[in-house]
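Notes for the one structure printed next.
The values are calculated or read from the model by the stated rules, or taken from the named source; none is laboratory data. Being a predicted model, the structure only gives us computed values, none of them experimental. Cβ placement follows ideal geometry from the backbone for every residue including glycine, while neighbour counts extend to all protein chains displayed.
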Amino acid sequence: MKLPVVFLGHGSPMNAIAKNDFTKALAGLAKKLPKPQVILSISAHWMTQGTFVTHMEQPKTIHDFQGFPKALFEVQYPAPGSPKIADLLRQKISNPEILADDGHWGLDHGTWSVLKHIYPAANIPVFQLSLDMTQPPDFHYNLGKKLAFLREHDVLIIGSGNIVHNLRAINWNENAPAHHWAVEFDQWVKTKIDKWDFAPLVSQYLSSEAGKLSVPTPEHYYPLLYALGATSEQDKVHYIYEGIQNASISMRCIWFGF
């Protein structure tokens, strides 16, 4: 069976230790998904020049944030890595060249803050692919297409970012009313996905004022493009969670598969 592709909004790092409707939805996801042999995460928080893949046996848990409670810094997600599948990926994809990272990175909070709820035992190997921030949106979408073969190797592909992510407009009350432009853009993306009309999501996401406010920087949006690229027209679309936290962060989570 070909494994699904998942896009997860991850939002504030505090979601790693929170109990709310979003984390409850993540906790229920493992019961619905077939158990993967390996997980590939494309996180908004590993930005590079060039494309890299983690290649270590035991990736470290990275606390890539500041100003949060001590309890959050104490969280560990000791999942093993998967150098074997990382090597398979590097062999199968030659353009772009994917470089092995044997020690610099690990699992950042874009990965472990969501996996902690889905697979709390941390017993499934996880590796990450970086975002080459020197490249345009279509590069990321097309690389997602090249990753699709992994679905037939029992690899669960997860893009972890946020469709709407504007920290300048944030309200630190998690349940604050959403900005109208955040709702508008989140719904625009949903409408395009429902119609399987991905081209505008790659090339036109900044064409509206709502888009410019929702994606002031692209790193949290790009993981969606990887997920879209790795889908096929045979996939069905399921919305695992829909909602906006802190007024300006879309937590929409999407499952593409059976």
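What the table shows:
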read-out	value
Residue that is surrounded by the fewest Cβ atoms within 10 Å (Cβ to Cβ), among those in the stretch 132-161 that are small (Gly, Ala, Ser) and touching a strand residue (DSSP E or B) at 6+ places or on another chain (Cβ under 6 Å)	Gly161
First in the stretch 60-78 and under 18 Å from Thr111 (Cβ atoms), second anywhere and assigned to a loop (DSSP other than H, G, I, E, B) and among the small types (Gly, Ala, Ser), Cβ under 7 Å, 6 or more apart	Lys60/Gly106; Thr61/Gly106; Ile62/Gly106; Tyr77/Ala122; Pro78/Ala122
Residue satisfying condition, being over 30 Å from Gln91 (Cβ atoms), out of contact with any helix residue (DSSP H, G or I) (no Cβ under 6 Å at 6 or more places or on another chain) and modelled with pLDDT under 95, within set Trp172, Trp196	Trp172
Qualifying residue in the stretch 61-78 (condition: in contact with a strand residue (DSSP E or B) (Cβ under 7 Å, 6 or more places away or on another chain), outside any helix (DSSP H, G or I) and charged (D, E, K, R))	yes
Given (1) within 15 Å of the chain's Cα centre (by Cα); (2) part of a helix (DSSP H, G or I), number of the condition Phe127 does not satisfy	(2)
Top-ranked residue of the stretch 79-99 - restricted to ones that are of a type outside the set (Asp, Glu) and assigned to a loop (DSSP other than H, G, I, E, B), ranked as nearest to Gly110 (Cα to Cα)	Ala79
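Here is a yes/no grid of residues against (1) out of contact with any Lys or Arg (no Cβ under 8 Å at 6 or more places or on another chain); (2) modelled with pLDDT of 95 or more; (3) surrounded by 18 or more Cβ atoms within 10 Å (Cβ to Cβ); (4) closer than 25 Å to Pro218 by Cβ:
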| residue | (1), (2), (3), (4) |
| --- | --- |
| Thr48 | yes, yes, no, yes |
| Ile62 | yes, yes, yes, yes |
| Gly67 | yes, no, no, yes |
| Ser130 | yes, yes, yes, yes |
